[in-house]
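Reading through the structure tokens given below for one structure.
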Amino acid sequence: MNSSPDRGRQTVRSYKAKAVEPISLLAKPDRESALETAGYNVFNLQSKDVYMDLLTDSGTGTMSDRQWAALQQGDESYAGSRSFQRLQKSVQDVMGFEHVVPTHQGRGAENVLYGVLVSEGETVLNNTHFDTTRAHIAAQGADPVDCPLTTSASTRFNGDMDLDRARNTVDKIGHELVPVIVLTITNNSMAGQPVSIQNTRDVAAFAAEINATFVIDACRFAENAAFVKRHEDEFTDATVAEIAREQLSYADAITMSGKKDALANIGGFAAMNDRTLFERAKQRATLYEGFPTYGGLAGRDLHAMAVGLREAVTSEYVFDRIDQVAELGGLLRNAGLPVYEPFGGHAVYANANELYHHIPRSEFPGQRLVCELYREGGVRTVELGQFAFPGTDRPDFVRFALPRRTYFREHLEHVAQTARRVISAADSTVGLTVTETPGMPELRHFSARLEPVSNAVESTAD
Ligand code: F0G
């Protein structure tokens, strides 16, 4: 039990660097030409041209020396690998699930699990579907429906599911058509906000009432547990590890990306206690991922996840993690950037509509902010608004995702300095227009090309 009155706040950093990777900041004219060559889409940039990469926290973090040592112990046997057994034991101990189906990453786990649980014409409820989750539900011919809290109901657990919305949806379509309810912890598409254990219990009870399978998307389960310890009174004296197990204990199954809270560079898995569901998931996994003791991964990757999962639920690691995100959030807020608060667990989300109130949503203010952050400071972020999700009614968010255990205070200060420069030029910044769209509209943001709207067009629009 950790009964510290400040609920786990770390006053000192819990790691030091042992290996470093050189990075460099291109001169501004070179950044400008890289941006033009990339068609104003930072997914098209070469990583060597990026100084600080906050595009994602997925697989981009720094592994511990224990994880690197685990790589050397990887058992590359096709069947019955020791590394798989290590992973299985970690999942049993840390997450409380007996059966594990390894996959190449989180979306592989979604394919495996939803492929056996969801059929055409059905509906799946989620606090908010992450984009790959939504795509996998849709690929089954089913309808993914989000039930986030309305902003007026804002609490310290803004990631919670709105159960009234969920009930209304079920009442409308009939519970026989809702085979699965999902909680995504933390809620990535809702600014990385945490989900309370009370809400988890309520959702579990509702799922049981309508006979639906209750799935937790556990990608950031350790970060979520840290927020529960800080803000949910019942858990003040529990350890993060105890909280994580308690929260996951309400689920029938989980999907996991090892690239997040298993602190690895690649990997994922689905896990469950029900043997029948396990057998069905294993069949599908064999088809799409590989034999069920490697799941599309090298043995060394399984081994690195096995170690990372245990590190993720230590309070030294995880409070350091969420506090560093809040540190970046505080620096950006003080620089004058409109940021979503309270800060989430893995990223800071800026609201581009508030910064560029003169740029209409059809001209992608979020994407423009992403471009300006790169142009001014070589900082790569990602747009999660009108450009990535056309037609969304959410603000044009720009996400600054922090890779785990990777950057230091000086890096964060560089991001804040960059934001200051971007803000000072905000009034004269114009929007963007798409010049090339690839085939699938849902994947537009990964490869589309854009260019700035001309000032002439801008003044006509005025
Ligand atoms: N679920 C959530 C909540 C996620 O954030 C992600 C990935 C996935 C599932 C899929 O996992 O990438 O291992 O296949 N999120 C990354 C991001 C890509 O940048 O937020 P994956």
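Near THR433, the amide H atoms lying under 5 Å from its own belong to GLU451, VAL453; only residues 5 or more places off or on other chains count, and H is placed 1.01 Å from N. For a 29 Å ceiling on Cα separation, which of these pairs sit above it: LYS172/LYS229; LYS89/LYS259; LYS28/LYS259? Checking Cα-Cα distances, LYS172/LYS229; LYS28/LYS259 exceed 29 Å.
Coordinate range of the alpha-carbon atoms in region 208-270 per principal axis, descending: 37, 32, 14 Å.
When each full DSSP H helix of the chain is screened for a Cα extent of at least 27 Å along its own axis and an average Kyte-Doolittle hydropathy of at least -0.5, the helices passing are 315-335.
Mean projected area of the Cα convex hull of region 51-105, taken over all directions, amounts to 5.5 nm². Sorted largest first, the principal axis extents computed over the alpha-carbon atoms of region 65-312 equal 51, 43, 27 Å.
Counting only protein heavy atoms and using a 1.4 Å probe, what share of the accessible area of region 65-312 belongs to carbon plus sulfur, as a whole percent? For region 65-312, the apolar C and S fraction of the accessible surface comes to 47 percent. Students often forget the sequence filter, so: which aspartates and glutamates lie under 14 Å Cα-Cα from LYS282 once same-chain residues fewer than 8 apart are removed? Here the aspartates and glutamates satisfying the reach criterion relative to LYS282 are GLU98, GLU110, ASP274. Here r is the Cβ-Cβ distance between GLN198 and ARG449 and R0 is 35 Å; the resulting FRET efficiency, rounded to 0.05, is 0.15.
Relative contact order for the chain: 23 percent, from Cα pairs under 8 Å spaced at least 6 residues apart, divided by residue count. Extension gain for GLU327 to GLU76 (0.36 nm times residue separation, less C-alpha to C-alpha distance): 86.3 nm. Shape analysis of region 307-426 places it in the prolate category; the axes a ≥ b ≥ c from the Cα gyration tensor give an a/c of at least 1.5, with a/b above b/c.
Remark: region 182-193, residue by residue, has Karplus-estimated 3J(HN,Hα) of 10, 10, 9, 10, 5, 8, 4, 6, 10, 6, x, 7 Hz, where x stands for each Gly or Pro and the curve is 6.51 cos²θ - 1.76 cosθ + 1.60 at θ = phi - 60°.
Per-residue Karplus couplings for region 392-408, computed as 6.51 cos²θ - 1.76 cosθ + 1.60 with θ equal to phi - 60°, are listed in order as 5, 9, 6, x, 7, 7, 10, 9, 9, 8, 8, x, 6, 6, 10, 10, 10 Hz, Gly and Pro entered as x. Our analysis of the chain gives Rg over Rh at 0.96, with the two radii drawn from alpha carbon positions and Rh computed by the Kirkwood formula. Rolling a 1.4 Å probe over the heavy atoms of the protein chains gives region 65-312 an accessible area of 36 Å² per residue. A probe of 1.4 angstrom, applied to the heavy atoms of all protein chains, finds THR437 with accessible area near 90 square angstrom.
Rounded to 0.05, the FRET efficiency of the VAL12 and ARG420 pair, given R0 = 25 Å and the Cβ-Cβ distance, is 0.35.
Run the helix sum for the chain: -39,500 (n - 2.57) per DSSP H stretch of 4+ residues, divided by residue count, reported at 222 nm to the nearest 500 deg cm²/dmol. About -12000 deg cm²/dmol. Each residue, HIS175 and ASN273, gets one label point 7 Å from its Cα in the Cβ direction; the gap between the two is 2.1 nm. What separates the Cα centres of region 67-86 and region 385-427 is a distance of 38 Å. What number does region 120-198 give for Rg over Rh if you use C-alpha atoms and the Kirkwood radius? Using Cα coordinates only, the ratio equals 0.97.
The values are calculated or read from the model by the stated rules, or taken from the named source; none is laboratory data. These figures come from a predicted structure and were not determined experimentally. As a convention, Cβ positions derive from the backbone with ideal geometry for all residues, glycine included, and neighbour counts pool all protein chains shown. Heavy atoms of the whole protein, side chains included, go into the accessibility calculation; ligands, DNA and RNA do not. Shrake-Rupley method; radii C 1.70, N 1.55, O 1.52, S 1.80 Å.
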